[in-house]
C-alpha cells in the first residue's frame with residue numbers, strides 16, 4: 001500500500017538541505033574567503049573566527065548577532081575543492097548531537113567564477129528537526145549572499161542585518 005499524495009515518506013530517516021551560489025572570483029580566492037579566519041570574520045562570523053579550517057582542527061566561530069563562540073570541528077579539507085565541518089545541532093541524528101556541513105568549490109567559466117555548494121545534514125525528521133534545518137538553511141543562504149557581496153564588492157551584508 002502506498003501513502004496518500006502529500007503524506008510524508010515513511011522511509012525518511014534524516015533531514016538535510018543543499019544551497020548553492022556563484023561567486024565571480026577564482027576558486028582559490030573563494031575557498032580562502034571561507035578557510036581563512038580573518039577573511040571569514042569580515043562577512044560571516046562578525047564576532048570573529050579563531051583558527052583556520054584545516055583537517056583535524058577545532059575552531060570557534062562567534063557571531064555578533066548571536067553572541068557566544070560556537071565550536072566547529074573540521075573533519076576534512078581538500079584545498080581548494082572541499083571543506084567538511086561538524087558543529088552542534090539541535091535535534092541532530094548523530095549520537096554526538098552534531099550536524100555535518102560540506103562545502104564544495106567548483107571552478108566555472110575558465111575559473112573566473114566559482115560555484116559554492118553547501119550541504120548540511122542530519123536532523124531527525126520531526127517538527128523540531130525541520131525547524132532547526134530550516135533555520136540553518138536560512139543561515140547558509142545568507143552566508144552565501146554575504147560571501148558574494150564581500151568577495152566581489154567588499155560589502156559586509158551581515159552588519160546590522162540580524163540585530
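Here are a few things to note about the model shown:
- Scanning the range 101-127 for residues that are closer than 22 Å to residue 12 by Cα, surrounded by fewer than 19 Cβ atoms within 10 Å (Cβ to Cβ) and under 16 Å from the mean Cα position of the chain (by Cα) gives 102, 119, 121.
- The strands (runs of 3 or more DSSP E) falling completely within the range 26-112 that include 3 or more residues that are closer than 21 Å to residue 162 by Cα map to 58-63, 66-78.
- When residues of the range 9-31 are limited to those that are under 19 Å from residue 92 (Cβ atoms) and exposed (fewer than 15 other Cβ atoms within 10 Å of the Cβ), the one modelled with the highest pLDDT: 18
- Taken over the range 39-58, the criterion of being within 19 Å of residue 116 (Cβ to Cβ), modelled with pLDDT of 95 or more and out of contact with any helix residue (DSSP H, G or I) (no Cβ under 7 Å at 6 or more places or on another chain) is satisfied by 54 alone.
- Candidates 69, 130 - the one that is more than 13 Å from the chain's Cα centre (by Cα), surrounded by 14 or more Cβ atoms within 10 Å (Cβ to Cβ), over 20 Å from residue 21 (Cβ atoms) and without any contact (Cβ under 8 Å) to a residue 60 or more places away in the chain: 69
- Residue check: residue 91 meets all listed conditions (1) over 26 Å from residue 157 (Cβ atoms); (2) free of Cβ contacts under 8 Å to residues at least 24 places away in the same chain; (3) touching a helix residue (DSSP H, G or I) at 6+ places or on another chain (Cβ under 8 Å) but one, namely (2).
- Being in contact (Cβ under 8 Å) with a residue 24 or more places away in the chain, part of a helix (DSSP H, G or I), within 20 Å of residue 58 (Cβ to Cβ) and in contact with a strand residue (DSSP E or B) (Cβ under 9 Å, 6 or more places away or on another chain) is a description that applies to residue 136.
The values are calculated or read from the model by the stated rules, or taken from the named source; none is laboratory data. For clarity, every value in this text was computed on a predicted model and none was experimentally measured. Note: ideal-geometry Cβ built from the backbone for every residue, glycine included; neighbour counts use all protein chains shown.
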